[in-house]
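What follows is a single structure, written as C-alpha cells, with notes after it.
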Amino acid sequence: MANTGYGIAGRYPAESKILRLLVVVSAVCLAVGLTAPVLTLEKFFIIDNTFSILSGLVQLLEEGRFFLFIIILLFSVILPIIKLWVLFRLLGSTKTNESLRRYLHMMHQYGKWSMLDVFVVALLVVAVKLGAVARVETHYGLYAFAAAVLLTMAVTARVIYLSGRVEQQQSSE
C-alpha cells in the first residue's frame, strides 16, 4: 500500500470520506434532536406541555435550576458538538494530529455518559406513564437525538480503531 499520508484520511481515504459523511448525518440528527419536540406532557387532560431539549434547558434556566441546566447543557449540547468537530477534523486530516487524537480518546471515554440524556428521558416517560394524572407522548426529536448519540459512538469507535492501525503502521515503517 502506498504511503499517501500519515493521518486517517491519508491511509484510508475512501473510508474517511464515508465516516465524514456519517459525522455530518450525526450532526443533522443532533440539531433535529435538540430543537424538535421530544415529548408532550398532558396533565389532567387539560394542560399540554411540549418540550424540546433546548426549550427544556431554557425552562430550567428560568426556574433557577442551574446545576441541572449546566449538566444537561454540557452533556447534551456542548460535548456532542465538540466531539463531532474533533471527529470531522481527524477524518479529514492527512497528517497525524496528536492533540486531536488525545482529545478523541478522552471524548470516547465521555461517550459512555452521552447516553445519559436518553436514559433520563426514557425513565421520565416511564415514570410519568405510570402515573394516573399525566400522559406522555414521545416525538421524533427523541429518536433523532438517540440516533445522533448512537451514530457518533459508532463513528468514534471506528476512528479510534483506524487511529490505532495508523499508529501501528507508522511504528513499523
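The values are calculated or read from the model by the stated rules, or taken from the named source; none is laboratory data. In this text the structure is predicted, and so the values were computed from the model without any measurement. Cβ placement follows ideal geometry from the backbone for every residue including glycine, while neighbour counts extend to all protein chains displayed. Keep in mind that these areas ignore ligands, DNA and RNA; they rest on the heavy atoms of the full protein, side chains included. Shrake-Rupley method; radii C 1.70, N 1.55, O 1.52, S 1.80 Å.
The GluC sites (Glu not before Pro) found in region 38-71 that occupy coil by DSSP, while having at most 12 further C-beta atoms within 10 Å, are GLU63.
Around the amide H of SER52, modelled in the peptide plane, lie the amide H atoms of VAL38, all under 5 Å away and 5 or more residues distant in sequence or on another chain.
Sorted largest first by accessible area at a 1.4 angstrom probe radius, with every protein chain in place, the residues LYS83, LYS17 fall in the order LYS17, LYS83.
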